[in-house]
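*Asks:* Handing you this structure, nothing more for now.
The values are calculated or read from the model by the stated rules, or taken from the named source; none is laboratory data. Nothing here was measured: the structure is a model prediction, and the numbers come from that model. A quick note on method: Cβ atoms are made from the backbone with ideal geometry, for glycine too, and the neighbour counts reach across all protein chains shown. Each accessible area value is taken on the protein alone, full model and side chains, heavy atoms only, with ligands, DNA and RNA left out. Shrake-Rupley method; radii C 1.70, N 1.55, O 1.52, S 1.80 Å.
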Amino acid sequence: MISPRQFFTEKLLEWNRETNTRNMPWKGEKNPYRIWLSEIILQQTRVEQGWPYYERFIQHYPTVKKLAAAPDEEVFRLWQGLGYYARCKNMLAAAREITATYQGKFPDQYEQIKALKGIGSYTAAAIASFAFNLPYAVLDGNVFRVLSRYFGIETPIDSTAGKKQFGTLAQELLPQSLSAEYNQSIMDFGAVVCKPQQPLCGECVLRKKCVALHEQLVPHLPVKTKKLLIKKRYFNYLLVHYKEDIYIRKRTDSDIWQNLHEFVLIETAGPSDITALQSSGAIDPILGKTPFEIDRVSAPFKQQLTHQTIHSQFISITVKKAPAIPGYTLVPRSSLNNYAFPKTITTFLESNHLQLF
DNA sequence: AAGTCGGGGAC
DNA sequence: GTCCCAGACTT
């Protein structure tokens, strides 16, 4: 009698060879730089969303040295719209580390790979196995889901105990000589068959021994404990025009959108308008006594983030003298396409055809 | 151990 | 609205 574990591994590999038709530009790739780039882009990101970004980055930066030599702002512009911008910053740091320390040759040992910025246990295992055939099992959202269902494990995957338990199991299941193929198989299987919603249990090659299916636990697995708390925030953006220039700054606080740019921000606890902003004295510390003229006020914009709902509006004003606004700099409006902005701002800009009112 | 970091697609 | 995606880092 074949054990559940052996059944699992063999059926998975068989499914990959005979049934799996999932195709991606980096599949079968052996160039560690390309594998790394795809893994960074795809962290918490759907394949369909990351795909065009991957193509663009490979075109602009065919080697890690090219990426390392690129100006920060240019790279952030390419990353614009993809989210989780710390990935971009860490990616650049890693590219420069690889260039400086390893002469541009991607390190081929797990510990060296994992020591690079932005590379955690998942990405290190992915690079180690795909590029170098090292026996490290990947543990991502797909793997958690497939393992928890097939083995009927109810330990929360977002707990320390869960990560340890699933990590140990995943490593034990890995066929050491087939790490690349196996890792690819289990992730594709989780994405195509053992999906989060409406998994294809009817045609699943593991169904005979799937604990969750037999105990009707499929919709309840995997278990997560943390619940999401979503805050509402209200951003009032002043588009302060001086001649052909406008004020912007780079966000640096420990907050969302680090390293992206924005216009003059007044955050309020609730919905506000220009009259309320003036009477509350919120504008004084920014413009001082500089007289200004209100040109136009935009419709409200809403953007849903994982932990926050951002309500924003854009207020266009003109000044005849250029005040010193702390933290902000004047740049030509025509140069705005050289800077990376958050989605809510690019959406606003595009809705106005870059006319800024 | 818990919080936080984007944007988008499926339901 | 909800969930979650080829996770990692900070506090």
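*Asks:* Going from most exposed to least, what order do A:Leu305, A:Leu239 have by accessible area with a 1.4 Å probe? Show your work: numbers first, answer last.
*Replies:* On the way: A:Leu305 40, A:Leu239 0 Å².
Sorted descending by solvent-accessible area, the residues read A:Leu305, A:Leu239.
*Asks:* What is the extension gain from A:Lys27 to A:Glu73, computed as 0.36 nm multiplied by their sequence separation minus the C-alpha to C-alpha distance, in nm to one decimal? Before the final figure, lay out the partial values.
*Replies:* Working: separation 46, 0.36 × 46 = 16.56 nm, distance 2.94 nm.
Using 0.36 nm per residue and subtracting the Cα-Cα distance, I get 13.6 nm.
*Asks:* Given a 1.4 angstrom probe, what's the average accessible area per residue across segment A:231-351, in square angstrom? Please list the in-between numbers first.
*Replies:* On the way: 6200 Å² over 121 residues.
Per-residue accessible area for segment A:231-351 comes out at 51 Å².
*Asks:* Where Rh is the Kirkwood radius over the Cα pairs of segment A:188-256, the temperature 37 °C and the viscosity 0.692 mPa s, what D in µm²/s does Stokes-Einstein return? Present the calculation step by step, with values, prior to reporting the outcome.
*Replies:* Values: Rh = 17.5 Å.
Roughly 188 µm²/s, to the nearest whole number.
*Asks:* Next question, about the same structure. With Cβ to Cβ distances under 11 Å as the rule, what net charge do the other residues near A:Arg207 carry (K, R +1; D, E -1)?
*Replies:* +3
*Asks:* With a 10 Å radius around each residue's Cβ, average the other Cβ atoms per peptide and rank A:89-96, A:128-135, highest first. Don't skip to the answer; put the middle values down first.
*Replies:* Working: A:89-96: 19.4, A:128-135: 20.9.
Final packing ranking: A:128-135, A:89-96.
*Asks:* Okay, moving on. Using mean Cβ contacts within 10 Å as the protection proxy, how do A:71-78, A:115-122, A:268-275 order, highest first?
*Replies:* For the peptides A:71-78, A:115-122, A:268-275, the packing ranking is A:115-122, A:71-78, A:268-275.
*Asks:* Can you compute 3J(HN,Hα) from phi for each residue in segment A:170-181, using the Karplus curve 6.51 cos²θ - 1.76 cosθ + 1.60 with θ = phi - 60°, rounded to whole Hz and x for Gly and Pro?
*Replies:* 3J(HN,Hα) across segment A:170-181, in whole Hz: 4, 5, 5, 7, 5, x, 4, 7, 10, 4, 5, 5.
*Asks:* Listed highest first by mean packing, meaning other Cβ atoms within 10 Å per residue, what order do A:140-148, A:102-110 come in?
*Replies:* Numbers: A:140-148: 22.3, A:102-110: 14.8.
The packing order, highest mean first, is A:140-148, A:102-110.
*Asks:* Then there is this: Could you put A:Glu10, A:Glu18 in order of accessible surface area, largest first, with the 1.4 Å probe and the full protein assembly present? The partial results should precede the final answer.
*Replies:* Details: A:Glu10 90, A:Glu18 140 Å².
Descending order: A:Glu18, A:Glu10.
*Asks:* Among the listed pairs A:Lys27/A:Lys66; A:Lys163/A:Lys250; A:Lys30/A:Lys66; A:Lys11/A:Lys105; A:Lys27/A:Lys224, give every one whose C-alpha distance is greater than 25 Å.
*Replies:* On the way: A:Lys27/A:Lys66 22 Å; A:Lys163/A:Lys250 36 Å; A:Lys30/A:Lys66 19 Å; A:Lys11/A:Lys105 37 Å; A:Lys27/A:Lys224 30 Å.
Pairs exceeding 25 Å: A:Lys163/A:Lys250; A:Lys11/A:Lys105; A:Lys27/A:Lys224.
*Asks:* Now for a different question. Along segment A:263-272, what does the Karplus equation 6.51 cos²θ - 1.76 cosθ + 1.60 (θ = phi - 60°) give for ³J(HN,Hα), rounded to whole Hz, x for Gly and Pro?
*Replies:* Coupling constants for segment A:263-272: 7, 5, 9, 10, 8, 10, 6, x, x, 9 Hz.
*Asks:* Efficiency by 1/(1 + (r/R0)^6): what FRET value for A:Arg46 and A:Thr101, r their Cβ-Cβ distance, R0 = 45 Å, to the nearest 0.05?
*Replies:* My answer for the efficiency is 0.85.
*Asks:* I would also like to ask the following. Measure nothing fancy, just the Cα-based angle from helix A:4-18's long axis to the longest principal axis of chain A, in degrees from 0 to 90, nearest 10.
*Replies:* In chain A, helix A:4-18 runs at an angle near 70 degrees to the longest axis.
*Asks:* Can I ask one more? Determine the gain in length on full extension of the stretch A:Thr329-A:Ser159; use 0.36 nm per residue of separation and subtract their C-alpha separation, reporting nm with one decimal. Mind dumping the intermediate values first?
*Replies:* Working: separation 170, 0.36 × 170 = 61.20 nm, distance 4.46 nm.
Contour length minus Cα-Cα distance gives 56.7 nm.
*Asks:* Now for a separate question. Nearest 20 debye, what's the magnitude of the dipole of segment A:4-220 about its Cα centre given +1 on Lys and Arg Cβ and -1 on Asp and Glu Cβ?
*Replies:* 120
*Asks:* Still on this structure, I have one more. Pull out a ≥ b ≥ c, the square roots of the eigenvalues of the alpha-carbon gyration tensor of segment A:76-192, then state rounded if a/c is under 1.5, prolate if not and a/b is larger than b/c, and oblate in the remaining case.
*Replies:* On the way: a/c = 2.13, a/b = 1.53, b/c = 1.40.
Prolate is the answer for segment A:76-192, as a/c is 1.5 or above and a/b outweighs b/c.
*Asks:* Ignoring ligands, DNA and RNA, what accessible area per residue does segment A:1-157 give at 1.4 Å, in Å²? Please report the intermediate quantities before stating the final value.
*Replies:* Working: 7400 Å² over 157 residues.
On a per-residue basis, segment A:1-157 sits at 47 Å².
*Asks:* Which three extents, in whole angstrom, do the alpha-carbon atoms of segment A:4-220 cover along their principal axes, largest first?
*Replies:* 55, 35, 32
*Asks:* May I pose another question? Is segment A:1-97 rounded, prolate or oblate when judged by the Cα gyration tensor, a ≥ b ≥ c being the square roots of its eigenvalues, rounded requiring a/c under 1.5 and prolate requiring a/b larger than b/c? Don't skip to the end; give the middle numbers.
*Replies:* Values: a/c = 2.60, a/b = 2.51, b/c = 1.04.
Cα axes put segment A:1-97 in the prolate bin.
*Asks:* Amide H neighbours of A:Cys210 under 5 Å, counting only residues 5+ apart in sequence or on other chains, H built in-plane at 1.01 Å?
*Replies:* For A:Cys210, no residues qualify.
*Asks:* Name the residues whose placed amide hydrogens come within less than 5 Å of the amide hydrogen of A:Val223, ignoring near sequence neighbours (fewer than 5 apart) on the same chain.
*Replies:* A:Ile157
*Asks:* Output wanted: per-residue J couplings in Hz (rounded whole) for segment A:205-212, from phi through Karplus 6.51 cos²θ - 1.76 cosθ + 1.60, θ = phi - 60°, x for Gly and Pro.
*Replies:* Calculated HN-Hα couplings, in order: 6, 9, 4, 4, 10, 7, 5, 4 Hz.
*Asks:* Going by accessible area, probe 1.4 Å, with all protein chains left in place, what is the ranking of A:Phe348, A:Phe301, largest first? Please list the in-between numbers first.
*Replies:* Details: A:Phe348 0, A:Phe301 40 Å².
Of A:Phe348, A:Phe301, the descending order of accessible area is A:Phe301, A:Phe348.
*Asks:* Further question: Share of chain A's accessible area from carbon and sulfur, percent, 1.4 Å? Before the final figure, lay out the partial values.
*Replies:* Working: 9460 of 18390 Å².
Carbon and sulfur together cover 51 percent of it.
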